[in-house]
């Protein structure tokens, strides 16, 4: 947890969002070092998106009660990136320091893929790729139906998907379903880092023109730098204003972002750092943290 910033008090400014993302990357490395297994690449690439969504004033939720589900909902479809979600919950105080050393241990709250029966704050179990967006569609439709009956605006649903999992046909069925039903309270964040466990997505099974395809399926599409927290927030705010169709934010990212020897390297999709590698990674993140703290101090 970042002791210098209280994330429970309300929306953070952009410099603070960046600093919290740095703290989340620290947590990710420490978790994976302790577990000896896991997925650093896609967890690190999503840290800026997650920090922006949860702490930048976009997601409407009860920051002090992980069991309060009367709010916007977030589903992590690419469940192998569970460490970034656990790091988010650690910032909120939903998980403590002791929990963070138990990733992938038997009986831990922090299973290798999210288990909503074990960890507070989780909406669904996930990790079998290609399912989270479909769950998000059902939740968004159900929330809209409830809102109509209650005469109010529906809560929103956010789903984080990976580009590798977009090779799953079930996602494209979900895309059609969402557009057909005009689910304008559904936003998909797509982590487009062009790497999956076997190599580059463009080599394994290219997705082609991702924004064009999503648009052809009836979605409103924005393309942003997934590490620019201001751009991500602007896109999320704009998505909330569009009516009549679901929203896709294609976030162009670097797998392993923040740790130089992991960046854009396929082998770090599903390999944990050893003690020496973790020390190098933490040193790099610490150096970046000094810069980010100065940025926060200067306003």
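Readers should treat all values here as calculations from the given coordinates under stated rules, not as data from a laboratory. Nothing here was measured: the structure is a model prediction, and the numbers come from that model. For neighbour counting, all protein chains shown are included, and Cβ atoms are generated from backbone atoms with ideal geometry for every residue, glycine included.
Taken along the Cα-to-beta-carbon direction at a fixed 7 Å, the label points for residue 172 and residue 283 span 4.7 nm. The GNM of the chain, with springs linking C-alpha atoms under 10 angstrom apart, assigns the highest mean-square fluctuation among 106, 95, 192 to 106. Calculated translational diffusion coefficient of the range 163-216 (4 °C, 1.567 mPa s; Stokes-Einstein with Kirkwood radius over alpha-carbon pairs) equals 107 µm²/s.
Over the chain, dividing the summed -39,500 (n - 2.57) contributions of all DSSP H runs of at least 4 residues by the number of residues returns a 222 nm mean residue ellipticity of -13500 deg cm²/dmol. Roughly how many Å is it from the Cα centre of the range 100-177 to that of the range 1-72, as a whole number? The range 100-177 and the range 1-72 have Cα centres separated by 17 Å. Plainly put, the chain has a radius of gyration that is 0.94 times its Kirkwood radius, both from alpha-carbon atoms, as the Rg/Rh ratio.
Can you give the extra length, in nm with one decimal, that the chain gains between residue 97 and residue 230 once fully stretched, where that is 0.36 nm per residue apart less the Cα-Cα distance?
Roughly 44.9 nm would be gained on extension.
Using R0 = 51 Å, the C-beta based FRET efficiency linking residue 290 and residue 70 works out to 0.80. On the beta carbon distance between residue 203 and residue 6, with R0 = 45 Å, the FRET formula returns roughly 0.50.
Between the Cα long axis of helix 14-35 and the first principal axis of the chain there is an angle of about 70°, rounded to the nearest 10.
Taking Cα pairs under 8 Å and at least six residues apart, what relative contact order does the range 7-297 come out at, in percent? Relative contact order of the range 7-297: 24 percent.
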